[in-house]
Amino acid sequence: MGFFGSIKDEAQRHFIARADEAKGEIIYKYPEKNIRMGTQLTVDADEVALFVKDGKVEGKLGPGRHTLDSSNIAFLSRLLEKFTAGNLFITEVFFVSTREFPGVKFGGPIGDVRDPETGLGIGTMVYGDFSIRVTNPEQLVVGLVGLGRANDAEFVGWFKNQVLKVTRDRIAELLVKKRWPLLDVTSGAYTEEIEAEIISGLKPHVDGYGLTVVRMGNFHISIKEEDEATLKKLSKDVAYSRLAGGFQQYAQGQAMLGAAEGMAKGGGEGAGGAMQGMGMGMGFGMAQMFSNQQMQQQQMQQQQMQQPPAAAPAAPPADTRSPAQRLKELKELKDAGVLEEDEYQAKRAELMKLL
C-alpha cells in the first residue's frame, strides 16, 4: 500500500491542477513549491494560473493544458533552481477564478444607531449576501500575499469584514443625512438605496486588490423585538403629539385616557372598550380644545399689537334746554307714570333752584 501510494504521489507531481474539492473557491494555492521541468499544468476555462516568487508575480498562464518548460514559456527561466541542473522550478502557483461568485453570505452587528425620529440609540444587525468577481488576478494575489492571507478561507473572511465595515459606516451616515426613521430602514423601505451606497462605498477599499462587488442580495437590517416595540410606541407618541398640537396637549389627552381606562376597570369587559374609546375621544377633544384656545389667544395678541391705541372717550354734549322746559318735560313723565311721586318731587326741587 505504501509503495503504490508513493508511486501515485510521484505521478501526481507531474500534473498540476486545481484540486476537485477547491473547485468552488475563488483562490487556490497549489501545495507544492518545487515544480519539475516538463510538468503538465491544467487551467480551467474560468481561471488563470499565476507563478509567484518572493511576493512578485513572475508570469501567468490562461485556460488550457501547458507543458512547463523554459524553452517554450520564457518567464519560467527566472524560476529555475540552478543547483538542480535546471530540472526544478521554485515557485508558488495560485489558481484564481475570474467568474462571478454569488451568494457569499455575511452579517454581524452594526452597533448602536441613533434613530432620527425618537433620538434613541438602538443596537442594529445586518444580514445578507453579495456576489464578487476578480477583475485583476495579479493585484489580488500580490495584495493577499502581502496581507498574509493567501488561502481562500482567509481571503473570504477578510473580504466579509470589509463589507460589514462599509455597511456599518454607510447606514449610520444615511440615517443622519437622510433622517430616515429606523423602523422604515428595518422594514426594507430603503434597501435599494442602502445597497447602492454600500457597493459604491466598497469600491475604494477593494479596487486596489483587483476585486469588485457586483451586487447585494437578501439584504436585511434588523433590531431586537423589544427595541422594535419601544420604537413603535415612541413613534406613535411623537405622531400623536404633533396631531394634538404639542407634547403638553398630548400629555393632557393621555391623562384623560388613563382616567377613562381606570373607570372602565370597574365596568366589566363590555364597558371597557366603550370607556376606552370615550376616554380617547375625550383626551383628543381636550387636547384639541387646549390647542384651539392657545391659537385664539395668539391671534388676539397679534390683533391687539396691530391695532392703534384707543382714543379717550368723548365728553357728553352740554344740555341746552331751559329750566322751565325741563320742568315741563318732567311733569309729562310723571303724568305718564314713568316717574313716581317722590322721584318727581326730588327732580322738581333741583330744577326750581335753577329758576
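The values are calculated or read from the model by the stated rules, or taken from the named source; none is laboratory data. Nothing here was measured: the structure is a model prediction, and the numbers come from that model. Every residue, glycine among them, receives a Cβ derived from its backbone with ideal geometry; neighbour counts consider all protein chains shown.
Key figures
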{"quantity": "Filtered residues of the range 45-67 (kept if closer than 21 Å to ALA150 by Cβ and among the aliphatic types (A, V, I, L, M))", "calculated": "VAL48, ALA49, LEU50, VAL52, VAL57, LEU61"}
{"quantity": "Residue that is farthest from THR135 (Cα to Cα) [pool: residues in the range 217-235 that are surrounded by 15 or more Cβ atoms within 10 Å (Cβ to Cβ) and out of contact with any Ser or Thr (no Cβ under 8 Å at 6 or more places or on another chain)]", "calculated": "THR230"}
{"quantity": "Unique match (being out of contact with any Cys (no Cβ under 9 Å at 6 or more places or on another chain), surrounded by 15 or more Cβ atoms within 10 Å (Cβ to Cβ), assigned to a loop (DSSP other than H, G, I, E, B) and in the same structural domain as VAL213 (by TED's automatic domain parsing)) among ARG149, ARG170", "calculated": "ARG149"}
{"quantity": "Filtered residues of the range 166-200 (kept if within 15 Å of the chain's Cα centre (by Cα), closer than 24 Å to ARG133 by Cβ and not acidic (Asp, Glu))", "calculated": "VAL166, THR167, ARG168, ARG170, THR191, ILE194, ALA196, ILE198"}
{"quantity": "Single residue of the range 212-262 satisfying the filter (at pLDDT below 90 and among the basic types (Lys, Arg)) that is nearest to LEU202 (Cα to Cα)", "calculated": "LYS232"}
{"quantity": "Pick from the range 191-215, criterion surrounded by 15 or more Cβ atoms within 10 Å (Cβ to Cβ), hydrophobic (A, V, I, L, M, F, W, C) and in contact (Cβ under 8 Å) with a residue 24 or more places away in the chain, ranking: nearest to PRO137 (Cα to Cα)", "calculated": "LEU211"}
{"quantity": "Counted residues, the range 131-146 - those being buried (at least 16 other Cβ atoms within 10 Å of the Cβ) and closer than 30 Å to TYR190 by Cα", "calculated": "3"}
{"quantity": "Qualifying position, being over 13 Å from the mean Cα position of the chain (by Cα), in the same structural domain as PHE155 (by TED's automatic domain parsing), within 16 Å of LEU164 (Cβ to Cβ) and not polar (S, T, N, Q), among GLY210, GLY217", "calculated": "GLY217"}
{"quantity": "ASP227 more than 14 Å from the chain's Cα centre (by Cα), of a type in the set (Asp, Glu), more than 22 Å from LYS160 (Cβ to Cβ) and in a helix (DSSP H, G or I)", "calculated": "yes"}
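Rundown of residues vs (1) touching a strand residue (DSSP E or B) at 6+ places or on another chain (Cβ under 6 Å); (2) outside the structural domain of THR212 (by TED's automatic domain parsing); (3) over 30 Å from ILE223 (Cβ atoms), yes/no style:
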position	(1), (2), (3)
ASP44	no, yes, yes
GLY55	no, yes, yes
GLY62	yes, yes, yes
ALA74	no, yes, yes
ARG78	yes, yes, yes
PHE89	yes, yes, yes
VAL113	yes, no, no
TYR127	yes, no, no
ARG133	yes, no, yes
